[in-house]
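Presented below is the structure to which this report refers.
Derivation of every value follows stated rules applied to the coordinates shown; laboratory data play no part. These numbers come from a predicted model, not from an experiment. Here the Cβ is made from the backbone with ideal geometry for all residues, glycine too, and neighbour counts use every protein chain on show.
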C-alpha cells in the first residue's frame, strides 16, 4: 500500500520525504520490523519507541510515524500529534477496515466482561453465527485459540486479528475493552455496533489516578467509539443499577438500551431464583418474557445474563437462541470455576482481584455453604495499592477464615504487599491464627473462630486451606482465576490455582 494512500485518513500530519513509498507492513516493536515496513514510535508505560528507531531502520523500515521530526533518519517521516491514535487509524486502513463488515460488540466495565463475553458468544453460536472473541482468557475464533497477552491488544494487533477473523468467515466479533485500551487509543478506527457497560468499581487507580478519570476512560467507548463508528445503527447497552451507569446515560451516543436487576429498564427480571445449581429468572424484554435457566451461580451472574440478553435483543436475535445460549454455558474459565473432587468440601477458583469482586464472590458462596467459608487471596504488585486494604477487609468480613498469601508480586516485596492488605483485616475483629492452629483445629474436628492466617507462599496457602477444610466447607481461591502463571520479579513461572487445588485435594485422599 502506498504511504500517501495509507495516511490519507490522518486529519493532522506533516510528511517529511517521499510519500509515494510502498509500505509492506506496519510495526510498533522494532524487532517486528521487516524491509519496507512503517515503524510507529509509540510511547509505552516504560519505554519510548523513539529509542528503537535506529534498530527499526537497520531492519529495513522505509518510513517512520512519530511525534517530532528526526534529523538524519534517511527515510520518509510522518509527524502527527498522537502516534497511538494515528497508528490505530493506519492499522484499520492497512487491513481494510475489517470491523466494517462484521457485527462488533465491545464490552467494558470493571467486573463481568469475560463472563458476559462468553454468554454473548454462546447466544450467537445458538443463532448460527460465526463468532470471534478477544478477551482476558484468550483470543478465539473458528476452533482456533491463542493466548491473550492483554485483555485488549494494541491497535495494530487488534486490526490484524479482526482481519484474520474476517478471512475465516467470522460474522460477529466480541471484544473486551479495557480502560487502558481506551485511554491508549487502541480501539480507534473500529466500527462498533454495540457498546456494553457492566459496572465500575475501584481498580487500576495506579494508572488512572482517580475514579473520575477511570470512568472517563470507560466513557470513551460510548462517546468516541460509537460516535466514530461507521455503522448506520449502533447501541449503548448500560447497567442502570450502577451509579456510574446512570452517569453514562447522559453522554452515551447511539440508541440507549437499559438493563438492571433493581431498576426497571428495557430488560429486567420479574422473578429470580438462586441456588447451588444455578440461576432461574423470568426476564422482561420489549419482545416479551424469557424464561432463563443458567448453571452459573450468584447474583453477579444475573447481571451478566441480563447484559447478554440485552445484547441479543438489540441484535434482534431469536428468543430461542438467547435462552438456549445462556442455558448451555456451564462454566467460564476461572470465574467461580469448581475444582473437581472434594468429597464433602467444595473448592472454587475465581478471578476476583478487586474488593467489590471479592465481596460478590464471597456473598454468592455464603448463600450455598453449609459449613465454613474459607478464602485464599492476595494482591498483585505494581498495581493500585489503595485497593489492598479494601480487599483485606472484604475477605475478612466475608469469610470464616481468610488465608492471606502472595498473588503476582511482580517487582514488589511480597511481604510488603501482604502487610498493606493486612491493614484492612485489622480494621475488623478477626482473630489472627498461626498455620499450626488450623491443622490442630481440623484434627480436633472443631471449627476455628472467624479469623485469618498469613502464609506468603501461595502453593502452601492453597494446600493449607484445603487440608484445613471440613465436610460442608467451601474454599474460594481468589485473584488469579484462569491464569496459569505467577509473576515473580520480571519472570513468569507456571502456576495454576486449579492445578494446585487439585493436588491439595489429592493429599486429603479425596
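Annotations
- Quarter of Cα convex hull surface for the range 379-421, i.e. mean projection, nm²: 2.6
- Only Cα sites of the chain enter the Debye sum here, all with the same form factor; the resulting log10 I(q)/I(0) across q = 0.08, 0.10, 0.13 1/Å is -0.54, -0.83, -1.25, listed in q order.
- The range 3-88: relative contact order as a whole-number percent, Cα under 8 Å and 6+ apart: 29
- Residues 125, 211, sorted so that the one with the fewest Cβ neighbours within 10 Å comes first: 211, 125
- When you restrict to C-alpha pairs under 8 Å that are six or more residues apart and normalise by the size of the range 98-328, the relative contact order lands at 22 percent.
- Within the range 447-476, backbone nitrogen closer than 14 Å to the virtual label 7 Å beyond the Cα of residue 499 toward Cβ: 459
- The value of relative contact order for the chain, using C-alpha pairs under 8 Å at least six residues apart, is 11 percent.
- Calculated on the Cα set of the range 3-88, radius of gyration then Dmax: 11.4, 34 Å.
- The chain: angle of helix 155-167 to the longest principal axis, Cα-based, in degrees nearest 10: 90
- Volume per residue of the convex hull around the Cα atoms, evaluated for the range 337-507, comes out as 96 Å³.
- Alpha-carbon geometry of the range 98-328: the Rg and the Dmax are 16.4, 45 Å, given in that order.
- Subtracting the Cα-Cα distance of residue 506 and residue 55 from their residue separation scaled by 0.36 nm leaves 157.2 nm.
- Straightening the chain between residue 262 and residue 275 buys 2.8 nm, computed as 0.36 nm per residue apart minus the Cα-Cα spacing.
- Simple spin-label estimate for residue 212 and residue 1 in nanometres, 7 Å along Cα-Cβ: 3.9
- Beta bridges assigned by DSSP with both partners in the chain are antiparallel in approximately 40 percent of cases.
- As a proxy for reagent exposure, 47, 232, 55, 126 were ordered by neighbouring Cβ count within 10 angstrom, fewest first; the result is 232, 47, 55, 126.
- Here the gap between residue 247 and residue 100, fully extended at 0.36 nm per residue and compared with their Cα-Cα distance, gives a gain of 50.0 nm.
- Here the sum of -39500 (n - 2.57) over DSSP H runs of 4 or more residues, divided by the residues of the chain, equals -9500 deg cm²/dmol at 222 nm, to the nearest 500.
- Placing R0 at 22 angstrom, the Cβ-Cβ distance between residue 70 and residue 12 gives a FRET efficiency of 0.75 after rounding to 0.05.
- Using alpha-carbon coordinates, inclination of helix 497-507 to the longest axis of the chain, degrees: 30
- Angle of helix 414-425 to the longest C-alpha principal axis of the chain, folded into 0 to 90 degrees and rounded to 10: 60°.
- Label point distance in nm, residue 385-residue 457, each placed 7 Å from Cα along Cα→Cβ: 2.8
- Computed log₁₀ I(q)/I(0) - Debye formula, equal Cα scatterers, no solvent, the range 159-232, q 0.17, 0.23, 0.26 Å⁻¹: -0.69, -1.08, -1.26
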